[in-house]
1. Under a crude label model (7 Å from the Cα following the beta-carbon direction), how far is ASP146 from SER529 in nanometres?
2. Identify all lysines with a Cα-Cα distance to LYS409 below 28 Å; exclude those on the same chain that are fewer than 8 residues away in sequence.
3. Just checking my list [x] 52, 28, 25; [y] 51, 30, 19; [z] 36, 27, 23 against semi-axes √(5λ) of the Cα gyration tensor in Å computed from this structure; which label fits?
4. Please arrange SER306, SER80, SER199 by how many other C-beta atoms lie within 10 Å of their C-beta, fewest to most.
5. About its Cα centre, what dipole magnitude does the chain give when the only charges are +1 on Lys and Arg Cβ and -1 on Asp and Glu Cβ, stated in debye to the nearest 20?
6. Going by average Cβ neighbours within 10 Å, how do the peptides 457-464, 39-46 rank, with the highest at the top?
7. Note down the magnitude of the dipole of region 189-300 about its Cα centre, charges +1 on Lys and Arg C-beta and -1 on Asp and Glu C-beta and zero elsewhere, to the nearest 20 debye.
8. What net charge is computed for the residues neighbouring SER515, neighbours being all others with C-beta under 9 Å from the C-beta of SER515, Lys and Arg scored +1, Asp and Glu -1?
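Computed from the coordinates by the stated procedures, all read-outs in this text should not be read as laboratory data. Predicted, not measured: the structure shown is a model, and the values here were computed from it. Every residue, glycine as well, gets a Cβ built from its backbone with ideal geometry; the counts of neighbours run over all protein chains shown.
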Amino acid sequence: MRNFLLAAAVAAAAASPAAAQPATPPKLIVAISVDQLSSDLFEAYRPHLTGGLKRLADGGVTFVNGYQSHAATETCPGHSTLLTGRHPAATGIIANNWTDQGAARADKSIYCAEDERVAGSTSSTYTVSPEHLRVSTLGDRLKAADPRSRNVAVAGKDRAAVMMGGRALDQRWYWDGKAWASDVRQAAELPGIAQFKASWAARFAQAVEPLDPPALCQARATPFQITPAMTIGNGRFGRAAGDNRGFRASPELDDVTLTLAALVTAQMKLGKGPATDVLSIGLSATDYVGHSYGWGGQEMCLQLLSLDQSLGRFLGWLDTQAVDYAVVLSADHGGQDAVERLRAAGNLKAVRADPGLAAGEMGKLLAPQVGRPAPVLFGDGVGGDVWLDRAISAADRPKVLAAAVARYKAHPQVETVFTAAELSATPLPSGDPRGWSLISRVRAAFDPSRSGDFYVVLKEHVSTVAKPGPGYAASHGTPWDYDRRVPVIFMAKGLKPATPATSADTVDILPTLASWVGLPLAPGSVDGSCRTEAAHCR
């Protein structure tokens with residue numbers, strides 16, 4: 001593993017006999033998201049972990065049946081739940097991108113972490129902003145309760161840093177595809193940032209040799225040809241100098257993210273002030289690796305073992321800082337392996353989605369049927385939210401909607417379709433997410449002002465990657481449990497380790513942490529519940 005941290009060895013995690021509550025309110029809460037870490041993936045590798053993931057799993061309260069309970073299992077919606085205690089229906093973050101036909105620009109696709117009001121902004125070239133997040137994060141709430149609290153976010157993706165950090169940020173840093181960047185005005189003034197950027201630029205300008213896989217990973221190195229020009233399964237993460245894609249889809253991204261998080265923590269003296277501070281860390285490489293290679297091959301094996309060691313060094317470094325810190329770790333969503341690997345293992349239900357399911361393609365077929373010129377439908381991808389063309393008259397909309405829903409429902413890869421009217425009439429779900437119906441899962445991410453006119457649910461094991469290519473062999477984004485089920489781990493001094501059989505929801509994280517630090521929550525201000533397995537809930 002390439003060690004980019006100036007970190008000490010990991011200190012032993014002492015199992016405390018104390019009750020389920022930190023001994024004292026922690027002065028620093030470290031909230032970690034491992035993008036696309038499904039519980040299936042976590043459990044498959046847990047016996048082989050020796051570093052930070054093992055320390056957290058063995059030394060904390062570990063819910064393997066945690067859930068991103070909603071249907072919109074994408075990066076932005078998932079991160080919006082982690083530190084807000086709210087489902088996407090309340091956060092307003094219904095997807096990574098949604099369609100707003102009233103947007104005052106030619107590009108009607110809205111990126112979740114942009115401010116489209118900025119002149120020249122598009123969904124792909126945008127100004128990073130928390131504008132679309134409608135609720136407060138833990139860091140926002142703590143700063144409102146005590147302005148001396150510091151709120152910092154560092155991530156491999158801007159949307160992870162935005163959705164975990166919120167609005168009241170002291171520092172926010174993320175990899176923007178070319179450099180480490182920030183949308184917080186005072187961020188560049190932090191001592192050490194210029195030196196970090198210079199060191200990083202020098203490192204990035206050098207080629208990286210492939211990793212040497214251990215036997216565990218070599219056993220998974222079976223190649224699968226996805227396209228004539230694309231083979232996955234036996235990669236080792238070597239990269240050329242300046243290779244952006246090679247960097248982000250490799251263990252190197254998480255290692256550097258943790259390095260930057262350590263730098264900001266040290267220079268701001270997080271956890272050493274008069275109030276509790278929050279450090280949010282978005283570790284994005286597992287998602288990029290999962291998309292690029294799936295999770296059953298040598299690449300994901302190398303990624304998780306490397307992440308485990310990088311996280312172990314980071315926690316060991318925190319141990320040396322004389323800071324009373326606590327950790328919560330979860331994920332924004334899970335994921336499904338590459339279809340080709342699943343089918344080779346006997347899962348013949350695993351198929352790639354028909355490209356014709358894309359809203360634009362379906363809209364072209366539908367237009368003549370309803371006597372209209374294209375376009376008739378708008379949407380992003382092959383499932384999820386679909387919008388009717390706003391130019392359709394009020395009198396014609398019911399006919400067009402019925403025809404569109406019928407066409408989608410008739411497709412053999414579609415499980416069902418829910419209209420906005422059906423979702424609006426469905427109560428917001430609560431309770432154990434394992435028992436939620438499909439419509440409840442979709443309802444938890446339905447916002448009538450942003451969501452589509454109807455929502456398409458693909459059948460289980462239908463991959464949302466219809467046309468694979470470099471960087472996209474596998475994906476997520478469905479309401480099925482392989483995309484919803486994620487670990488939720490709480491670790492703090494004085495917290496008794498446990499592995500509850502009960503389920504947890506990611507919206508339970510905020511109320512549980514609030515109990516740790518004595519932060520009052522107004523009734524009805526969160527969707528989740530404080531977990532008695534990890535806190536003395538009030």
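1. Using points 7 Å along Cα→Cβ, the separation is 2.9 nm.
2. Answer for LYS409, where 28 Å is the Cα cut-off: LYS108, LYS349, LYS364, LYS399, LYS459, LYS467, listed by chain and number.
3. Read-out from the structure maps to [z].
4. If I rank by nearby Cβ atoms, fewest first, I get SER199, SER306, SER80.
5. In total the dipole reaches around 240 debye.
6. Per-residue mean Cβ counts within 10 Å order the peptides as 457-464, 39-46.
7. Once rounded to the nearest 20, the dipole reads 80 debye.
8. Summing Lys and Arg as +1 and Asp and Glu as -1 gives +2.
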